[in-house]
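The values are calculated or read from the model by the stated rules, or taken from the named source; none is laboratory data. Small disclaimer: the values here were computed from a predicted structure and weren't measured. Reconstructed Cβ throughout: ideal geometry from the backbone, glycine too, with neighbour counts over all protein chains shown. Note: accessible area is taken over every heavy atom of the protein model, side chains too, but ligands, DNA and RNA are not part of it. Shrake-Rupley method; radii C 1.70, N 1.55, O 1.52, S 1.80 Å.
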Amino acid sequence: MTLIRTDRPRWGLSRRTLLRSGLSTLIGLPVLEAMAPAIARAQANGDDPPRRFFAFYLPNGMHMPSFTPTTVGALGTLPLILEPLEPVKQHVTVVSGLENRAAFPGDDGPGDHARGTGTFLSVARLLKSDVDIQNGISVDQAIAGHLRSRGYSGLSSLELGCESGGSTGNCDSGYSCAYVVNVAWAGAQSPLPKETNPRAVFDRLFAGLDPLASAVEREKQRRYRQSILDVVKGDSARLNARLGAKDRLKLDEHLTGIRELERQIEGEPLTSCSPGERPVGVDVDVTAYVRSMLDLVVASFTCDRTRVASFMLGNGGSNRNFSFIGVNGAHHEISHHQGDPAKFAQLEQIDRWEMEQLAYVVERLSHVDDGNGQTALDTSMVFCAAEIEDGNTHNHRNLPVVVAGRAGGCITSGRHVRADGRSIADLFLTGMQSCGMTSTSFADSSGVLVL
Amino acid sequence: MDEKRTCAEASTAWRHQHSPVLALGVWIALCLGCPQEGAAGEGDVDEPDAPLLPDSPRGPGDPLACDPGAKTLHRLNRSEYARTVADLLGPAAGAAAAVHAAAFPADDVAGGFDNNADVLSTSPLLVEKLDAAALAIAAAVFPDGAAATIDRQEAEAVGSDVGTAAGSVWNLFSNGDLTASFTIATTGRYAVRVRADQEAAGDDDAHLGIVVDGRSVLDVDVTGLATYEVETELTAGAHSIGARFDNDFFDAGTDADRNLLVDFLEVEGPLDVASTSPGRARFVSCNPSSEVEGCARASLTPLLRRAFRRPVLDEEVTPYVALVVLATGAGDSFDAGLRLATQAMLLSPNFLYRAEFDDDGDQTHRISTHELAARLSYFLWASMPDETLTLKADDGVLDRPAVLEAEVTRMLADPKARGGVAEALAAQWLNTRGLDVVAPDADLYPLSDDVRAALKQETKLVVQALLDSDRPAPDLLDVDFTFVNAPLAAFYGLPFDAGDDDDGDGFVRVSLAGTNRAGVLTHGAFLTANSYPFRTSPVKRGRWVVDQLLCLDPGDVPPDVPPLNEDPASGSVRERMEAHRSEPRCAACHVLMDPIGFGLESFDPIGRSRTQDADGYDIDDDDVFFDTPFTNPAGLAAALKAQETLPSCMAEKLGSYTLGRGLDVAVAGDACTIDDVTARAAAAGFSLRAILGAIVESDAFQMRTPTRSLE
């Protein structure tokens, strides 16, 4: 089964004409109404409309009895945990019953948080080791690679999170920290580290914004930067010739990064866009911190600086102290609830707070103009889920999944869908095809999940 | 795969057994790795009394004691990066590097260490951040505002009301001026240049006057095509600068016509400011205005040599020189060119990776003296070799045992060792870095930033004190003094006398006699990093000791293990854990981990002394460890020091850090190395210094097996 629909919205003539006549100006428009120049240009050229993919990771599962809607079809009264999504429920699809079989224990024993997190977007079997890492490419990176190959010149992808980590060596039952702190994987052994400081992310995304630089000056700087990278590539080639195969793999990682820099240099200069306020660093107010990160996702879509993003609310098995919402305890510990009703109540509070953050970003994306009267929710697929179903049983079946957006018309939102026993990879395949990929499989998929 | 024993095995069989592995290791090394067979069993391992240092490097025919193993291309981790930049380019660059490196993605960790060559990876995000760092660092060394710029205006484009454009020059065929306006950004001393030629006629050469704001500052005879230069003071703002022709000659009879041909006008400067930028003089000792390319090569060759930690070929320098030429050719200053070259250098794999070459084929071989120098400096200083070390590498004498030992002694005494090996052992092996990621409940267990920082420093200073002494390394567990600053003394309830602060770092050494503290396990850093936000975790504390000090593996948690009963009403943490431990499948592991944690229960989740826990239960810190009953933290330390795996575990951990790769007892060569180092160090008193010295002497440190083939 393929997912090709004929009723995808086309780019409208009126707007194109407006742009060509030079009447459209980006400067001075309110942030959320400014269309990114790259999109405007694409539209003017009659190119494909943008497609975006955003993965939102939640640690430690959900309290499912208060999460799963009781009926399928149009979303009615939302369960307690989903209530924060009420204002945006026309944009969301709750999908029940999906499973991540790559995270099943098999012969690997404990380590479900690492396994669920490492495979969150890859659905690949992990090698249980803290030295040798082995995963598969994650769906966001598959999509990023496709968009890159189609000439998209912004950042390939953006990896964000609100819990740093990787330096403690304190991982899950023999699994490398790499599996616990990263969900984006460019390849089997290449986790893409996430950034956790919003100010640093903002500077990275928007520091190149220099509307005052002249075209001549920009061209000169571009030539300088390319020349620098040419020297680096020359050094790499000479070094490569003297290295053994294993060392060459290490050097290849460096060259991959250098090539990504080159791609960005060749890309469109960032000329005009309103990314919003430069954020402070890590806010002590956790909710404000999370929202500053989500704002960056919105800003990077608004300015079309990237089309693929992932966000980890916490690391796998996160032990965040939730006393800031009146829950005295650490998340992972509470999630081992042992059927204790007091813990259920605490989990409901935490889970609701998590859905408030999802609702926040969905609401903001609903105001991002992706051209032709479409918002980023029309063009995008937001995938939000946890690595396990329930913190006590560590089950990887019936995962809590909320999808937001309509993925270019591929998703009819505002519903609860049951997909019992289907692989989460089927949903990823839907995301891939909605982003224009012709792939007919991903990991253990059996076909797209029609939503 | 790790050969450590797991939970499933009886706890009585937990002890590491090195000997059988060792014998196998020697055998394999001799059969597979060494250049020459024979002399099996004559390794140093069985003879701890053998001379520690033979007089000359091991020759190509000597047998290997242990297979040295393979080491992968080694990326600088972020602290090594920042420290190397500081040593390479000076303090301003180092400060910029430290700020940027703090925002690099966290380095990959294996076995507790973040300098493991095998797992250190490079993501596109890291390269992007390295790129941004390189830009900032280059600007700090060759600052923009202070750097001289060259502003050139072509005469034919400027023009004059006298004369005519003639190809690429302006022909002043009558007396007059060719004048252009130049905008000067910074007041200072500038070179004003005119490139000119003459069409000769009559007895005299053409006169060229260089005129600044109407005033002649140079008057010369033009004898041929040349650039004429004068230095003058210019204030910030617009200035008119021109070439004047004032001895026109024309003989109508012979048609002899004397003309001044002007190619360009140029202003470079400010000349005096750039040279005063701190650090610049270290790299540029020539005058770039006379010869850009030569000066660039003269400046960059020694810099690249240091950056790449080895001699460099001319052809390796050439592309960097070309960057300088590119910049000056585009009208930017020489220093702007050096900025580009510096950026490229800081992104080059020759700088970012420590490469070791196997140019001689597949044989196990000694590493070069420059590779040896880098191994030494990165483990002792977490930075590049200094001049002294480099000279010994250049002379090819560094691998002589006496020279090597003297260098280790010198380097350990250098203050850089504090930020290097002492910092690494404290932060990584003893995991004070874990303090960064724990969040004790702010109300119950308030931990100020001051105290948090002081806790890290405390452990580091104790490690440093042991490195500086001959005390046996296991004394880390019961050393009877520590270091506190004012906030930490108040936190611990220890005395503090600022008058004892000899080195001005705010910390003083205090005796712990009469307190319940002694050794690193009673440091707040360890105790806090291994606690939960709301309570202590005897399991985490115990698990860490078992892992990192005893190298015993409690193994995985069995599936479906019931979690700890978290209800304080049902008993103290210890009582609830003991109930947990009564389950047979839990007992095998917990019988080892828990006693260690219980022995430390008199310290709360942030390491403060206590006699009751938060739920009001009295603390009971007596237990039995490996059949040894103990009382309180001091008794625990004594029980741990009696463990036979402690020395080899220390050798394994220090070896993994020193070599930058995980030593694995399941690998024969590594097991052999661990035993070799343990035995040699024991013979030398088993101080931290003796262990490090034994590692440096080992084949694993001085040799390598090619990594050419992928298994």
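Annotations
- In the stretch B:330-340, residue surrounded by the fewest Cβ atoms within 10 Å (Cβ to Cβ) [restricted to those that are more than 11 Å from chain A (Cβ to nearest Cβ) and over 17 Å from B:Ala136 (Cα atoms)]: B:Ser333
- Residue match in the stretch B:606-629 (condition: under 22 Å from B:Asp553 (Cβ atoms), of a type in the set (Gly, Ala, Ser) and in contact with a Ser or Thr (Cβ under 8 Å, 6 or more places away or on another chain)): no
- All told, B:Ala138 falls short of being closer than 16 Å to A:Pro193 by Cα, touching a helix residue (DSSP H, G or I) at 6+ places or on another chain (Cβ under 8 Å), among the small types (Gly, Ala, Ser) and within 14 Å of another protein chain (Cβ to nearest Cβ).
- Of the residues screened, B:Asn516 is not one that is open to solvent by 20 Å² or more (accessible area, probe 1.4 Å), over 18 Å from B:Pro633 (Cα atoms) and assigned to a loop (DSSP other than H, G, I, E, B).
- Test set (1) open to solvent by less than 10 Å² (accessible area, probe 1.4 Å); (2) free of Cβ contacts under 8 Å to residues at least 40 places away in the same chain - B:Leu218 fails condition number: (1)
- Which numbered condition B:Asp386 misses (of (1) under 20 Å from B:Ser469 (Cβ atoms); (2) surrounded by fewer than 21 Cβ atoms within 10 Å (Cβ to Cβ); (3) in contact (Cβ under 8 Å) with a residue 60 or more places away in the chain): (1)
- Residues of the stretch A:422-436 satisfying the condition of being at pLDDT below 95 and within 14 Å of the chain's Cα centre (by Cα): A:Gly431, A:Met432, A:Cys435
- Test: residue in the stretch B:527-542 that is open to solvent by less than 60 Å² (accessible area, probe 1.4 Å) and in a strand (DSSP E or B): yes
- A:Ala288 of a type outside the set (Lys, Arg) and under 17 Å from A:Gln357 (Cα atoms): yes
- Test for B:Asp248: is it surrounded by fewer than 18 Cβ atoms within 10 Å (Cβ to Cβ), modelled with pLDDT of 90 or more and in the same structural domain as B:Phe173 (by TED's automatic domain parsing): no
- Test: B:Asp213 is surrounded by 13 or more Cβ atoms within 10 Å (Cβ to Cβ), in contact (Cβ under 8 Å) with a residue 60 or more places away in the chain and not β-branched (Val, Ile, Thr): no
- Within the option set A:Leu126, A:Leu158, A:Leu75, A:Leu98, being farther than 28 Å from A:Ser446 by Cα, in contact with a helix residue (DSSP H, G or I) (Cβ under 8 Å, 6 or more places away or on another chain) and either in the same structural domain as A:Leu365 (by TED's automatic domain parsing) or small (Gly, Ala, Ser) (or both) holds for one residue only, A:Leu158.
- Test result for B:Gly504, more than 25 Å from B:Gly111 (Cβ to Cβ), open to solvent by 10 Å² or more (accessible area, probe 1.4 Å), more than 20 Å from the chain's Cα centre (by Cα) and modelled with pLDDT under 90: yes
- Every residue from the stretch B:435-448 that is more than 12 Å from chain A (Cβ to nearest Cβ) and either within 25 Å of the chain's Cα centre (by Cα) or of a type in the set (A, V, I, L, M) (or both): B:Leu447
- Single residue of the stretch A:52-70 satisfying the filter (open to solvent by 20 Å² or more (accessible area, probe 1.4 Å) and of a type in the set (Ser, Thr, Tyr)) that is farthest from A:Gly339 (Cα to Cα): A:Thr70
- When residues of the stretch B:368-402 are limited to those that are in contact with a Gly (Cβ under 8 Å, 6 or more places away or on another chain) and in a loop (DSSP other than H, G, I, E, B), the one farthest from B:Leu692 (Cα to Cα): B:Ser383
- Summed over the stretch A:226-250, residues that are more than 7 Å from every other protein chain (Cβ to nearest Cβ), over 33 Å from the mean Cα position of the chain (by Cα) and open to solvent by less than 30 Å² (accessible area, probe 1.4 Å) total 0.
- Remark: pairs (first residue in the stretch B:679-690, under 9 Å from B:Ala651 (Cβ atoms); second residue open to solvent by less than 30 Å² (accessible area, probe 1.4 Å) and in a strand (DSSP E or B); Cβ separation under 9 Å; 6+ apart in sequence or on different chains) = B:Ala681/B:Ser687.
- If you go through the stretch A:182-206 and keep only what is aliphatic (A, V, I, L, M) and more than 8 Å from every other protein chain (Cβ to nearest Cβ), you end up with A:Val183, A:Ala184, A:Ala188, A:Val201, A:Leu205.
- The residues in the stretch A:312-325 that are within 13 Å of chain B (Cβ to nearest Cβ) and open to solvent by 10 Å² or more (accessible area, probe 1.4 Å) can be counted, and the count is 7.
- Residue pairs meeting the criteria (Cβ under 8 Å; at least 6 apart or on separate chains; first without any contact (Cβ under 8 Å) to a residue 60 or more places away in the chain, in the stretch B:81-96; second basic (Lys, Arg)): B:Gly94/B:Arg83
- Failed item, numbered, when B:His580 is tested on (1) under 25 Å from A:Tyr175 (Cα atoms); (2) touching a Pro at 6+ places or on another chain (Cβ under 7 Å): (2)
- Taken together, the residues in the stretch A:284-309 that are touching a residue at least 60 places away in the same chain (Cβ under 8 Å) and over 21 Å from A:Pro49 (Cα atoms) amount to 10.
- Close pairs (6 angstrom Cβ cut-off, 6 or more residues apart or separate chains): more than 11 Å from chain B (Cβ to nearest Cβ) in the stretch A:329-346, assigned to a loop (DSSP other than H, G, I, E, B) and modelled with pLDDT of 90 or more anywhere: A:Phe344/A:His63; A:Gln346/A:Val327
- Neighbours by Cβ (under 7 Å, 6+ apart or cross-chain): first from the stretch B:343-368, facing another protein chain (nearest Cβ under 9 Å); second open to solvent by 30 Å² or more (accessible area, probe 1.4 Å) and not aliphatic (A, V, I, L, M): B:Phe357/A:Arg242; B:Asp358/B:Arg708; B:Asp359/A:Arg242
- Close pairs (7 angstrom Cβ cut-off, 6 or more residues apart or separate chains): buried (at least 18 other Cβ atoms within 10 Å of the Cβ) in the stretch A:71-100, of a type in the set (Asp, Glu) anywhere: A:Leu78/A:Glu86; A:Ile81/A:Glu348; A:Ile81/A:Asp351; A:Pro84/A:Glu356; A:Val88/A:Glu363
Residue-wise test of (1) aliphatic (A, V, I, L, M); (2) touching a helix residue (DSSP H, G or I) at 6+ places or on another chain (Cβ under 8 Å); (3) at the interface with another protein chain (Cβ under 9 Å from one of its Cβ atoms).
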{"site": "B:Ser79", "(1), (2), (3)": "no, yes, no"}
{"site": "B:Val85", "(1), (2), (3)": "yes, yes, no"}
{"site": "B:Gly90", "(1), (2), (3)": "no, yes, no"}
{"site": "B:Ala93", "(1), (2), (3)": "yes, yes, no"}
{"site": "B:Ala103", "(1), (2), (3)": "yes, yes, yes"}
{"site": "B:Ala110", "(1), (2), (3)": "yes, no, yes"}
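- Residue within the stretch B:266-287 that is crowded, with 18+ Cβ neighbours inside 10 Å and more than 43 Å from the chain's Cα centre (by Cα) present: yes
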